[in-house]
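Here, each number is a calculation from the coordinates, and none is a lab measurement. Everything quoted here is computed from the prediction, not taken from an experiment. Here Cβ is always computed from backbone atoms with ideal geometry, including for glycine, and neighbour counts include all displayed protein chains.
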Amino acid sequence: MTKHRDAFTVSRSDFPEGFLFATATSAYQIEGHQFGGAGPTHWDSFARQPGKVYKGQTGALACDHYHRWEGDLDLIRDAGLDAYRFSTSWARVMPDGKTLNPEGMDFYDRLVDGMLERGIKPMATLYHWELPQALADKGGWTSREIPQRFADYSHKIAARLGDRLWSTAPVNEPWCVAWLSHYEGYHAPGLADLRSAARAMHHVALAHGLSVEALRDEGVQNVGAACNMEYALPATDRDADVEAAQLYDGIYNRWFVGAMMKGAYPEDVLEGLSPHMPEGWQDDMALISQPLDWMGINYYTCKRMIRSKGDWPAYGTVDGPLPKTDMGWEICPEGFDWLLRRTAEEYTGDLPLYVTENGMANAEPADLSDHARIDYIDRHLEMARDMVRDGVPLRGYTIWSLLDNYEWTLGYDKRFGLVHIDFDSLDRTPKASYHALARALER
Ligand code: IFM
């Protein structure tokens, strides 16, 4: 049985003054989408399809953060965290994707003020996956109309909240929005089609570019991005497996950061995707690569890749030897270290980097002594500390997640929170990791 740490070895004083410690959630995963006039989303429709989502669960009630947000912000403040990465819900602010719902916008206005009153920096993300169903009906991310709509929504958010946001990122985890949802079929809308995926891979990047432009137009400061990355390892040293790992790295890790930072998609990925790309995509690259103020990376795990039979991209994964989280994801802080250093060296240079998500799902013991989570976070923080000492311009670290919440396809079955949610009573109970974190941030 693995012996886990029950306290953090790393503390705030191991990092330079101003290094930001944050926690994150997202709108649909915690708010309770049934409240406040929010419109139907493609996740509601996806969950109604048999077998797509654990027990057909949705974000209708979630953690009822919509009514309990003040207590939740108190929890962030009391842990000693500096910032809160939250998302605004497109379907709450614009239930049909285009018409403003004042009640929805007012909610985020109160939320942002609530953070500032508590000394918490608001880190906003504008799209964390709840596409209004009305826009899904128009083809969703396979359609070029959706990035244009996203720009309108970005303008509206920026005009109302932009003066008080500490940072803003347009799209959370573009790879998930595009590839996981249109090629792997694992997230809404659940497509498994290369042509749709190629279109989504470009339209999501375009949405980022248009949104950055809208935010800049409205005078919003400190604009960045939150790209997820996975460390791709060849399962053997066979050339075919090495190539499979490189291609996975290209699709997952290099596509969006390459587009945003260099204005170019990786050539090895274009070999497979270019026949399916929307016409004239090259003309959008300057818009997509306009300057950012920071780059965010979400990191959880590594994958061991093999060449498989079948059509491009013809790769698969095999099980690895490292201990796993409750998601079945290997715990691999080495990959975190490698990906952050590679991103800085090859893409972002001196631009500030933030870890915008890192954390683990854990099946907690009844007494909420989630030492496995303390261990996971501490091991990644050790890597972060060493990177900072080595001169990597890493400026902050964000834990996913503040609360147990709706884990998409896996419903409420997987728990990522520093704070336990009883999904019957909706009571919040801080876990051992929450208390240990508060102690580490005081030191
Ligand atoms: O819960 C998700 C989140 O919505 C996006 N990043 C990964 C988390 C864990 O799977």
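Descriptive notes on the structure:
- Relative contact order, percent, the chain [alpha-carbon distance under 8 Å, six or more residues apart]: 19
- Amide H to amide H, with H built 1.01 Å from N, Cys302 comes under 5 Å of Tyr231, Glu330, Cys332, counting only residues 5 or more places away or on other chains.
- Going by neighbour counts of Cβ atoms within 10 Å, the residues Thr343, Thr25, Thr99 line up, fewest first, as Thr99, Thr343, Thr25.
- The antiparallel fraction among DSSP beta bridges confined to the chain stands at about 20%.
- Shape call, the stretch 292-334: gyration tensor on alpha carbons, a/c limit 1.5: oblate
- Look at Leu418, Leu165, Leu322 and count the other Cβ atoms within 10 Å of each Cβ; fewest to most, that gives Leu322, Leu165, Leu418.
- The stretch 226-270, relative contact order in percent, only Cα pairs under 8 angstrom and at least six apart counted: 33
- As a rough footprinting exposure proxy, the listed residues Lys55, Lys262 were ranked by other beta carbons within 10 Å of their own, and the order from fewest upward is Lys55, Lys262.
- Amide H contacts for Thr125 (H built 1.01 Å from N in the peptide plane; partners 5 or more residues away or on another chain; cut-off under 5 Å): Phe86, Ser87, Thr88, Ala169.
- Disulfide-incompatible cysteines by the Cβ rule (no partner under 4.7 Å) in the chain: Cys63, Cys176, Cys227
- Treating each Cα of the chain as one equal point scatterer and applying the Debye formula with no solvent, the log10 of I(q)/I(0) at q = 0.08, 0.10 Å⁻¹ comes out as -0.41, -0.66.
- Farthest toward the positive end of the dipole of the stretch 225-340, out of Gln290, Val269, Gly328, is the Cα of Gly328, where the dipole comes from beta carbon charges about the Cα centre.
- Normalising the average separation of contacting C-alpha pairs (under 8 angstrom, six or more residues apart) by the number of residues puts the relative contact order of the stretch 271-369 at 33 percent.
- Whole-percent pair-distance distribution, where bins are 5 Å wide, for the alpha carbons of the stretch 137-258: 2, 12, 18, 19, 17, 13, 9, 5, 3, 2, 0
- Shown for the chain: lysine pairs separated by 8 or more places, or found on different chains, whose C-alpha atoms are under 27 Å apart, numbering 23.
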